[in-house]
Amino acid sequence: MLVPLRRPSAWRDAAPWLVLSLVVWAVGLVVQRQRAPEPIVELAGWQRSFRELPFLEQRTFRHLREATFEVEHARVETGRWPEPAALAEAGVEPFRGDELSPARSWVKRQHGVYTSYVGLPGPGARAQRWLVLFIEPTTNEPAPLEDEEHHTRADGVPLHVTVWSQPDDAEPVPDEVLAFPAASGWVQRVGR
């Protein structure tokens, strides 16, 4: 006896895969909705996002954040905070400058646990002043969790690192380390 053969149905072959896809999608949706929302981090009154700056100043901020690690490395290697000229010679941006960035003169200032690098734009340049502040403890404090403001040098010493800017038409920059630059009108720039 011959049994008639049925033509295979594409729907019947695809149905298990379609059901499996829908189940995976539904489980993913449930998991996503149960995930805790990301906390909203409030900025202090003296803090602003770097994203509100013009493109070239945002670029300078990014270069400064990257340069902090080069500066810290040099501090560990030599036992001293490097001079801006040495950083420029090593090709560390923004200390070396480039064709896109306004020319800035960089000055290193130190006092006790504070070291800062201040970058002032040249005459006639419409650009921000920049300041990077390193605070190096004198005690054997435990290193805090690594984040934008807290670094741990290669030798285990914790550092507090902040990046600041202000318009170049503000009051003249004093010839001293500013322990809290916000008191002199600087705005701490953060990457969020």
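Where a number appears in this text, it was derived from the coordinates with a stated rule and is not lab data. The shown structure was predicted, so the numbers you read here are calculated from the model rather than taken from an experiment. Every residue, glycine as well, gets a Cβ built from its backbone with ideal geometry; the counts of neighbours run over all protein chains shown.
Numbers for the structure displayed
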quantity: Between 0 and 90°, nearest 10: helix 10-34 axis offset from the chain longest Cα axis; calculated: 40
quantity: Simple label model, 7 Å out from Cα along Cβ direction - F55 to V31, nm; calculated: 3.9
quantity: Residue of Q110, Q34, Q128 that the Gaussian network model of the chain assigns the largest fluctuation, springs spanning Cα pairs under 10 Å; calculated: Q34
quantity: The chain, relative contact order in percent, only Cα pairs under 8 angstrom and at least six apart counted; calculated: 19
quantity: Estimated [θ] at 222 nm from DSSP helical runs (n ≥ 4, -39500 (n - 2.57)) normalised by residues in the chain, nearest 500; calculated: -9500 deg cm²/dmol
quantity: A179-R153 pseudo-label distance in nm [points 7 Å out on the Cα-to-Cβ vector]; calculated: 2.0
quantity: Ascending count of other beta-carbon atoms within 10 Å, so fewest first, for H160, H111; calculated: H111, H160
quantity: Helix axis angle, 55-78 relative to the chain longest principal axis, alpha carbon, degrees; calculated: 70
quantity: Around R59: net Lys/Arg minus Asp/Glu count, Cβ-Cβ under 10 Å; calculated: -2
quantity: Cβ crowding within 10 Å averaged over residues, with 86-94, 114-122, 43-51 ranked highest first; calculated: 114-122, 86-94, 43-51
quantity: Sequence-distant residues sharing a close amide H with D168 (under 5 Å, placed H); calculated: A127, R129
quantity: Within a Gaussian network of the chain (alpha carbon springs, distance under 10 Å), most fluctuating of V31, V157, V113; calculated: V31
quantity: Per-bin percent of Cα-Cα distances, the range 47-190 [10 Å]; calculated: 11, 44, 36, 8, 0
quantity: Dipole of the chain, positive end: most advanced residue of W25, P172, G191 [Cβ charges, Cα centre]; calculated: W25
quantity: Burial ranking of peptide ranges 164-173, 182-191 (average Cβ count within 10 Å, highest at the top); calculated: 182-191, 164-173
quantity: Residue exposure sequence - L20, L178 - by fewest surrounding Cβ within 10 Å; calculated: L20, L178
quantity: Residues W17, W106, sorted so that the one with the fewest Cβ neighbours within 10 Å comes first; calculated: W17, W106
